[in-house]
1. Would segment B:102-110 turn up any residue that is in contact with a helix residue (DSSP H, G or I) (Cβ under 7 Å, 6 or more places away or on another chain), within 28 Å of D:PRO132 (Cβ to Cβ) and of a type in the set (A, V, I, L, M)?
2. Just checking: which of the helices (runs of 4 or more DSSP H) contained wholly in segment A:157-212 hold 2 or more residues that are facing another protein chain (nearest Cβ under 9 Å) and among the aliphatic types (A, V, I, L, M)?
3. Filtering segment D:59-70 down to residues that are more than 13 Å from chain B (Cβ to nearest Cβ) and under 14 Å from the mean Cα position of the chain (by Cα), which residue is nearest to D:PHE159 (Cα to Cα)?
4. Output the residues belonging to segment A:58-101 that are more than 30 Å from A:GLU183 (Cβ to Cβ) and in contact with a Pro (Cβ under 6 Å, 6 or more places away or on another chain).
5. Checking A:LEU73 against (1) closer than 21 Å to A:GLU115 by Cα; (2) without any contact (Cβ under 8 Å) to a residue 60 or more places away in the chain: exactly one of these is not met. Which one?
6. Only one residue in C:ALA122, C:ALA128, C:ALA109 is touching a residue at least 24 places away in the same chain (Cβ under 8 Å), aliphatic (A, V, I, L, M) and more than 19 Å from C:ARG197 (Cβ to Cβ), so which one is that?
7. Any residue at all in segment A:41-57 that's surrounded by 15 or more Cβ atoms within 10 Å (Cβ to Cβ), closer than 19 Å to A:THR180 by Cβ and modelled with pLDDT of 85 or more?
Number of protein chains: 4
Amino acid sequence: MTSTCRRQPERGRFGRSGNLHLRTCDSGSYDEHMSVRTPDPNSGWLGDDELAAIRLRLPLLYVEAVPVHVDGLGRVTDVGLLLRATKTGSITRTIVSGRVMYGETVREALFRHIEKDLGPMAFPLLPASAHPFSVAEYFPEAGRSPFTDERQHAVSLAFVVPVTGTCEPRQDALEVTWLTPEEALADAVTSEMEGGRGVLLRAALASVGRLN
Amino acid sequence: MTSTCRRQPERGRFGRSGNLHLRTCDSGSYDEHMSVRTPDPNSGWLGDDELAAIRLRLPLLYVEAVPVHVDGLGRVTDVGLLLRATKTGSITRTIVSGRVMYGETVREALFRHIEKDLGPMAFPLLPASAHPFSVAEYFPEAGRSPFTDERQHAVSLAFVVPVTGTCEPRQDALEVTWLTPEEALADAVTSEMEGGRGVLLRAALASVGRLN
Amino acid sequence: MTSTCRRQPERGRFGRSGNLHLRTCDSGSYDEHMSVRTPDPNSGWLGDDELAAIRLRLPLLYVEAVPVHVDGLGRVTDVGLLLRATKTGSITRTIVSGRVMYGETVREALFRHIEKDLGPMAFPLLPASAHPFSVAEYFPEAGRSPFTDERQHAVSLAFVVPVTGTCEPRQDALEVTWLTPEEALADAVTSEMEGGRGVLLRAALASVGRLN
Amino acid sequence: MTSTCRRQPERGRFGRSGNLHLRTCDSGSYDEHMSVRTPDPNSGWLGDDELAAIRLRLPLLYVEAVPVHVDGLGRVTDVGLLLRATKTGSITRTIVSGRVMYGETVREALFRHIEKDLGPMAFPLLPASAHPFSVAEYFPEAGRSPFTDERQHAVSLAFVVPVTGTCEPRQDALEVTWLTPEEALADAVTSEMEGGRGVLLRAALASVGRLN
């Protein structure tokens, strides 16, 4: 299934129940996401056992992207959140996320992970600025920072990335839903985000002047 | 009255009622604050009538500062909010705020207004970085941005500024109360801030990694 | 005359003489630029005499834009500099620059001035981020900051703005020439920029990771 | 030997020869610097062989600090550069630099490496802002970015850090010399910095408004 991300996205409507009607972009193949649940497609570069060992020894470098739609003045109009059903049946939300590989620039990693999660037709406009809006530090244990990742210590460079194209999800495990900044800031949304990313989402919206 | 701002500030305790017990720093002379209520002490540089006329013709340039305490690693531990009683008896909160004068650098204006609101012994540590954490746009009418100022169109460069000294409020009209980031982010606090500055406060905390 | 700004811009070649062969984008109507030489097209909003008087009393708020081309990963590949011949026959370079009007947002002002200087088909992609890469302070006298403006005290919010379209200059007074970051950083280029904007250009390139 | 870093630092004077008279702060123990020349004091956490293997497989996360002196308004007045003699007798300059360890926050790593290179009495004032002024990407091969590190692919979060105390170098291998921004920007200085860090130094000065 393919759906257009740009121009008049149907927005997920949700009430207090968090019940979401998602009709916009299905995405998938969220393989290398910060999660133990899916295999790492690039782990061939490293070997699963090796990666598992390193994860206990070194902080890993990640990039993350908050996909957005912008209007003609560059103002963020919608935020794209990735969804998936967990094994227990609940829905969690997340953003584009993945490791920086050896020899890869941060921009290359960012582009690769956006393409992986949103498909090759998302047409992301990577910002000219090289500054992440946040450096998010994920620790296995809670309380050291707002962010947790049970698998590892990861440090993530997080960017807001406008996308202008069409989503072609590569698996049906994930969907993209577009919310207005107001909707995305609702506690019902941010509280169900993986690993504390609701905080990251708020920081993203702060960086584009869309907190309220 | 003088009270120490640093080291173990007694924090304002507040409940849902917004009822605040303020025991820390009294401040005052909040003259040139973005408000119609108090005369502009620098208006002599311009003339009250002239300033009033210009306010309907040009955006005015402001600086704003969110005073904070930091620990030895630079992490923000407390946020200083200014309080005052309005004529109607309610309490509003705000931050350090004031105009940039002709011939004055942004840093000079920032220092001057911090001294004005927090007293000469606040010992602010202006950041080496020249980047405001936000550019806040205040319009007389609501809805154009998160920020309103009934008097004027003002554009404010907003900074987080650690203070390390002692508050010597110069009038009893204002107090400074210190809140943890968690306390400061409570809706009861941010919603009572003047001109939408609760949003600015959240953006300030996002910029120092203390949203949650 | 119309010329394509995007894709394979012919770059101005220049030697020590500063002799430039400009074949790319002609632009014009650089009216409201920070210069005494051209009338302010918006001064009707304020009146020339009034504006002249205010310029001696208040800092004026400006926006500035460094137009760039970017590649598919968002990396800056070219920088667009505006040129014009002065009355004395020398060529000066500058960037997009103009005042923020009463009631106008920073984004609106930025868009308006880009359209004014680069034409309506430049198709600028204003950044989602609300943060200027620099806040440039212009004073009439030299030495207070790297920036001077003989007419006034101006404070400018400066942004890097990718453009993707076609330049349609509206006067022949100005041209746009595209230089690689390396070319743009050459002393021969930056030293001939108006009001110290060579420093601002370097800061722009620092912000996009293209200093070298 | 101990010398005061603050207040009236004697500045290194240098001519075209790059001949430096260093009288200020000796520092040392630059062990964990991005260099093959010195052993990694924390490699015990990982094992030299393990680290060597990982360096060929994963990007490593670093922090870097440009130590500065600031005046009462937070303006940078001096930049501290670390020096050392190489085996070949030439002098190279660098900045504070080191790895982020597993379980360590970026702030903790930054503080640890500043203490390691500048001594426990340097009294750094880590910025409240969590934003690095640059994310520097070091690759073993030249040309991928302005930065190279023959040992590894490293990604560094770089900060400007005011120091207010006294340097107590722990080895005599390193010295700290303080230069004005103007001196530090001289080609003779930046060109002799390790791994392309002259570019990083310029970006640091851009971020504090001290390019010129």
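The values are calculated or read from the model by the stated rules, or taken from the named source; none is laboratory data. Source: prediction; values computed, not measured. All Cβ positions, glycine included, derive from the backbone under ideal geometry; neighbour counts span all protein chains shown.
1. So far as segment B:102-110 goes, no, none of its residues is in contact with a helix residue (DSSP H, G or I) (Cβ under 7 Å, 6 or more places away or on another chain), within 28 Å of D:PRO132 (Cβ to Cβ) and of a type in the set (A, V, I, L, M).
2. In segment A:157-212, A:197-207 are the helices (runs of 4 or more DSSP H) which contain 2 or more residues that are facing another protein chain (nearest Cβ under 9 Å) and among the aliphatic types (A, V, I, L, M).
3. Going through the qualifying residues, I end up with D:GLU64.
4. Answer for segment A:58-101, where residues must be more than 30 Å from A:GLU183 (Cβ to Cβ) and in contact with a Pro (Cβ under 6 Å, 6 or more places away or on another chain): A:LEU61, A:VAL100.
5. Checking A:LEU73 against (1) closer than 21 Å to A:GLU115 by Cα; (2) without any contact (Cβ under 8 Å) to a residue 60 or more places away in the chain, the one that fails is (1).
6. Checking each option against the conditions leaves just C:ALA122.
7. For segment A:41-57, residues surrounded by 15 or more Cβ atoms within 10 Å (Cβ to Cβ), closer than 19 Å to A:THR180 by Cβ and modelled with pLDDT of 85 or more: absent.
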